[in-house]
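Inspection log for the structure reproduced underneath, given as structure tokens.
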Ligand code: HEC
């Protein structure tokens, strides 16, 4: 019985979040925004295969995490959850694999988005976000505590 109630409230919560996503897409009150990456080293035109800011470490990585945090809030949180904690509608990005394999998967998804039956479940971001901004967001999500 207790389990049923818990399961039911999870379904209700997911449905509410979905409604929120649809209405925000419909009315555009949460507009995706380009991310100001001032302070981060510019990257070569060709996409890196592995998070370059993690590889640089130190202040660049710190800065990337900070910029990624606001970039994430502006562009990803409405589906993937505040502070990268998923409410169940879209995958929890803290759970992506660490390192190069996870990096590749991340960048590919962010560039191309995800569509099913001709509608976008996740919009492509390649026209909106710079490579610097994408890696900054990856820096943020990969350093969020997993619990
Ligand atoms: C409109 C809602 C929406 C927005 C906004 C959105 N996503 Fe997604 N995202 C999804 C959904 C839904 C999926 C799951 C697609 C699938 O089933 O593979 C997904 C999948 C992903 C995946 C693959 C996750 C995995 O476990 O395979 C990554 C990485 C990702 N999103 C990153 C981002 C980032 C970074 C942003 C912000 C720049 C973002 N998304 C914005 C809805 C969204």
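The values are calculated or read from the model by the stated rules, or taken from the named source; none is laboratory data. For clarity, every value in this text was computed on a predicted model and none was experimentally measured. Neighbour counts run over all protein chains shown; Cβ positions are idealised from the backbone, glycine included.
Some observations on this one:
- Count of the stretch 105-147 residues, restricted to those that are more than 8 Å from the ligand (Cβ to nearest atom) and at positive phi, is 2.
- Any hit, the stretch 105-117, residues being touching a residue at least 60 places away in the same chain (Cβ under 8 Å), assigned to a helix (DSSP H, G or I) and under 18 Å from residue 66 (Cα atoms): no
- Residue satisfying all of: in the stretch 87-104; near the ligand (Cβ under 8 Å from one of its atoms) and under 14 Å from residue 76 (Cα atoms); surrounded by the fewest Cβ atoms within 10 Å (Cβ to Cβ) among these: 91
- Counting only helices (runs of 4 or more DSSP H) that fall entirely inside the stretch 26-84 and contain at least 1 residues that are under 14 Å from the mean Cα position of the chain (by Cα), closer than 10 Å to residue 136 by Cβ and in the same structural domain as residue 104 (by TED's automatic domain parsing), the qualifying elements are 58-75.
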